[in-house]
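Read the figures in this text as sums done on the coordinates, not as results from a lab. The model shown is predicted, which means the values in this text are computed figures rather than measured ones. Positions of Cβ are backbone-derived with ideal geometry, glycine not excepted, and every protein chain shown enters the neighbour counts.
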Amino acid sequence: MYTRTKSLMARGSEFLGSEWAILCGAMSWVSERNLVSAISNAGGFGVIACGAMTPDLLDAEIAGTRALTGKPFGVNLITMHPQLFELIEVCAKHRVGHVVLAGGIPPKGSVEAIKQSGARVICFAPTLALGKKLLRSGADALVIEGMEAGGHIGPVSTSVLAQEILPALAEENIVFVAGGVGRGEAIAGYLEMGAAGVQLGTRFACATESIAHPDFKKAFFRASARDAVTSVQVDPRLPVIPVRALKNKGTEEFTAKQIEVAGKLDRGEIEMGEAQLQIEHFWAGALRRAVIDGDVEAGSIMAGQSVGMVTREEPVAEVIATLLEECEAALSRRNAA
Ligand SMILES: Cc1cc2nc3c(=O)[nH]c(=O)nc-3n(C[C@H](O)[C@H](O)[C@H](O)COP(=O)(O)O)c2cc1C
């Protein structure tokens, strides 16, 4: 079944140890044992989002996921986590096969520490130059993620990153493409450009097996591409890390908060450090409030532009089957022409 897709995904699936080279990108609060095991059991590759978890919590989450699947899965660690090296030890203890390092350039020694445990390291490459550097420093595979994606994003679109990076690196290295992938036709395109596979988040976030709150899921089903907007920075003195999420009362209040804090700065009522802290802290816990508590007004409903293609709750296996059918049909049409 799906022979053309299988052959183009062969390098990626071999690298991941999964049937299909389709990763479900780690999503904080969403990518826990239930979704991760469902993805891996359906032939994809699930990745636990460690986020701000403590080493003990990660330990329990890996054990819980193992209890639900015998298939391989990965763990995503955020590079600025203060206990990064302890988290790496937890992954090593459980013999996790693949560790994804997200959130910036990996700190000194982290790639080596992961590799020493026998695991493979997957890094995000924001540019071609950095991609090359990461590979030289020991990364075993790269993910290139465009700004169509949900969550924290860079400034460049998936299509441009793919054109810049795949021709240069994908023949000799394993490169996965992420950001805005909602249908199999797009997967076919990136595979033909040399990608070893793809990573999706938004398309899987509201699967039946996802523990996200029903109201979080409803917000996804109602939304169209243009509702998934990037956070706005109002004042150059108060940096905002761009995040793509569904617009709601929280996103409006964030803009108002920045204007208020900038005003206080102008009037000398607060110091710069305090001002920046107030901006940074605005969204603390906001993703959890949306995903777990279902607060879709004030919480952060992180979602990519492909959210418009997510219209109902479906089991993970169905989503993967649909993607594979679309991909295979697209590849067959091209070969028949
Ligand atoms: C709700 C949500 C939370 C996310 N959290 C994380 C995270 O904690 N770490 C990470 O590396 N990426 C995170 N991402 C990005 C995904 O792993 C994935 O790369 C992205 O969703 C792919 O693009 P797409 O949304 O267009 O499919 C998140 C995405 C979403 C939608």
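Note on segment 24-113: Kirkwood hydrodynamic radius from all Cα pairs is 12.8 Å, rounded to one decimal. Using only alpha-carbon positions in the chain, the gyration tensor eigenvalues give semi-axes of 31, 23, 21 Å once each is multiplied by 5 and square-rooted (largest first).
Listed by chain and number, the aspartates and glutamates placed with their C-alpha closer than 16 angstrom to that of LYS6 are GLU14, GLU19, GLU185, GLU192, GLU325, GLU326, GLU328; residues fewer than eight positions away on the same chain are left out. Taking the fewest neighbouring Cβ atoms within 10 Å as the starting point, the ordered list for VAL156, VAL177 is VAL156, VAL177. The relative contact order of segment 224-302, computed from alpha carbon pairs under 8 Å that lie at least 6 residues apart in sequence, is 31 percent. Within the listed set GLY154, GLY182, GLY12, the residue fluctuating most in the Gaussian network model of the chain (springs between alpha-carbon atoms under 10 angstrom) is GLY154.
Using just its DSSP H runs of length 4 or more, each adding -39500 (n - 2.57), the chain gives a mean residue ellipticity at 222 nm of -13500 deg cm²/dmol after division by all residues. Label-to-label distance, VAL232 versus SER157, with points set 7 angstrom from Cα along the beta-carbon direction: 2.2 nm. Ranking GLN233, MET309, ALA321 by how far each Cα lies toward the positive end of the dipole of the chain (charges on Cβ) leaves ALA321 at the top. For the chain, a Gaussian network of Cα nodes joined below 10 Å ranks ASN76, ASN248, ASN41 by mean-square fluctuation, and the top entry is ASN248. Volume per residue of the convex hull around the Cα atoms, evaluated for segment 224-302, comes out as 81 Å³.
Magnitude of the charge dipole for the chain, about its Cα centre and with charges confined to Cβ atoms of Lys, Arg (+1) and Asp, Glu (-1), is about 580 debye. Placing dummy labels 7 Å off each Cα toward the beta-carbon, the span from ALA336 to LYS218 is 4.3 nm.
Centre-to-centre separation between the Cα atoms of segment 315-337 and those of segment 177-247: 20 Å.
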